[in-house]
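Q: Pasting a structure here, questions to come.
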Amino acid sequence: MRIILNLIWLVLSGFWLAVGYVVAGVVCCVLIVTIPWGLASFRIANYALWPFGRTVVDRPTAGAASLIGNVVWIVVAGIWLAIGHVVTGVLLCVTIIGIPLGVANFKMVPVSLMPLGKEIVAAP
């Protein structure tokens, strides 16, 4: 079932959301100082392509630097990516088939706002 949901996700919203994360990651890597945000953006782009069967957990070693970095990320790119998830989630929830995909979009909002200090792992 996860494979079917991931394939439907990829066609309906995953590809475009991943493109948004890749663009944000490239911009961050070009600016040299923001490379950590770029790497986090690339991790989330991978998650946005194939989200079912994986989950986001807090990294226990994350500290104050992650908090400060997340505040900067929210201002620069996080809010726009979160809005993309919310809009896509609402549009997917219009159809019965799209409801699980819309819920998955809403679950990605927190990691799109605060990617530093998070880790993407296989779901149990």
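Q: Of everything in the range 51-79, what is in contact with a strand residue (DSSP E or B) (Cβ under 9 Å, 6 or more places away or on another chain) and either aromatic (Phe, Trp, Tyr) or touching a residue at least 60 places away in the same chain (Cβ under 8 Å) (or both)? Give them in sequence order.
A: Within the range 51-79, 53, 54, 55, 56, 57, 58, 59 meet the criteria.
Q: Name the one entry in 40, 48 that is touching a Leu at 6+ places or on another chain (Cβ under 6 Å), surrounded by 21 or more Cβ atoms within 10 Å (Cβ to Cβ), within 20 Å of residue 92 (Cα to Cα) and in contact (Cβ under 8 Å) with a residue 60 or more places away in the chain.
A: 48
Q: State yes or no: is residue 31 surrounded by fewer than 18 Cβ atoms within 10 Å (Cβ to Cβ), farther than 25 Å from residue 7 by Cβ and not basic (Lys, Arg)?
A: yes
Q: Then there is this: Mind counting the residues in the range 21-57 that are farther than 22 Å from residue 102 by Cα and under 14 Å from the mean Cα position of the chain (by Cα)?
A: Going through the range 21-57 one residue at a time, the tally reaches 7.
Q: For the range 93-119, which residues satisfy the criterion of being of a type in the set (Gly, Ala, Ser), more than 13 Å from residue 66 (Cβ to Cβ) and part of a loop (DSSP other than H, G, I, E, B)?
A: Listed by number, the list holds a single entry, 98.
Read the figures in this text as sums done on the coordinates, not as results from a lab. Keep in mind that what you see is a predicted model, and the values were worked out from it rather than measured. Here the Cβ is made from the backbone with ideal geometry for all residues, glycine too, and neighbour counts use every protein chain on show.
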